[in-house]
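Chemist: Quick one: structure below, then a few questions.
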Amino acid sequence: MSVDCLFCKFVAREIEPQVVAESETAFAFRDINPQAPTHVLVIPKRHVANAAELAQHPADAAGVLALAAQVAQAEGLNTGYRLVTNTGADAGQTVFHCHVHLLGGRGLGWPPG
Ligand code: 5GP
Ligand code: ZN
């Protein structure tokens with residue numbers, strides 16, 4: 001756990017987000033500023049800054065993808081959804097605890113802006 005990390009505080013339940021699901025290695029909660037009818041953030045419980053660091057922990061990476069798939073199914077996103085991981089400032093990463101955006105419930109344009 002990183003002391004000053006907001007998402008670590010969510011995992012520890014020091015601050016309560018709107019929890020959607022959790023597993024041994026991953027945690028899912030609703031984004032505070034949703035960009036689609038379903039906008040859930042799926043994070044590793046382990047504090048890593050980004051996807052490159054997450055790749056060094058394959059069990060945690062697999063846990064994040066598995067929980068994302070489970071949430072997508074539970075949210076009824078049968079016709080498609082998107083997983084996005086912004087990495088670094090140019091990509092718009094603002095929280096430096098790795099997170100996967102799960103977006104769905106509307107048509108999603110491609111390529112993104
Ligand atoms: P990023 O820009 O790093 O890819 O995504 C960070 C996401 O975290 C944003 O979509 C933002 O709305 C979300 N976020 C920031 N602060 C909070 C918060 O306090 N609670 C929740 N649930 N989401 C947050
Ligand atoms: Zn953290």
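The values are calculated or read from the model by the stated rules, or taken from the named source; none is laboratory data. What you are looking at is a predicted structure, and each value in this text was computed from that prediction instead of being measured. Every residue, glycine among them, receives a Cβ derived from its backbone with ideal geometry; neighbour counts consider all protein chains shown. Note: areas computed on protein heavy atoms with side chains; ligands, DNA, RNA excluded. Shrake-Rupley method; radii C 1.70, N 1.55, O 1.52, S 1.80 Å.
Chemist: Please verify whether residue 70 is in contact with a strand residue (DSSP E or B) (Cβ under 8 Å, 6 or more places away or on another chain), open to solvent by 90 Å² or more (accessible area, probe 1.4 Å) and either within 16 Å of ligand 2 (Cβ to nearest atom) or not in a loop (DSSP other than H, G, I, E, B) (or both), treating the condition exactly as stated.
Modeler: Taking the combined requirement at face value, the residue satisfies it.
Chemist: Report yes if some residue within the range 79-100 is over 24 Å from residue 9 (Cα atoms), hydroxyl-bearing (Ser, Thr, Tyr) and either within 16 Å of ligand 2 (Cβ to nearest atom) or open to solvent by 60 Å² or more (accessible area, probe 1.4 Å) (or both); otherwise report no.
Modeler: Yes; the residues of the range 79-100 include at least one that is over 24 Å from residue 9 (Cα atoms), hydroxyl-bearing (Ser, Thr, Tyr) and either within 16 Å of ligand 2 (Cβ to nearest atom) or open to solvent by 60 Å² or more (accessible area, probe 1.4 Å) (or both).
Chemist: Restricting to the range 27-49, what's the tally of residues that are open to solvent by less than 20 Å² (accessible area, probe 1.4 Å) and in contact (Cβ under 8 Å) with a residue 60 or more places away in the chain?
Modeler: The number of residues fulfilling the criteria is 7.
Chemist: Here is a further query. Name the single residue, out of those in the range 101-113 being touching a residue at least 12 places away in the same chain (Cβ under 8 Å) and in a loop (DSSP other than H, G, I, E, B), that is surrounded by the most Cβ atoms within 10 Å (Cβ to Cβ).
Modeler: 105
Chemist: If you don't mind, there's one more thing I want to ask. Find the residue count for the range 20-51, including only residues that are in a strand (DSSP E or B) and either away from ligand 2 (no atom under 16 Å from the Cβ) or on the phi > 0 side of the Ramachandran plot (or both).
Modeler: The qualifying residues number 6.
Chemist: Among all residue pairs at least 6 apart or on different chains, which show Cβ distances below 6 Å where the first residue, located in the range 2-26, is at pLDDT below 95 and the second is not small (Gly, Ala, Ser)?
Modeler: 2/8; 2/47
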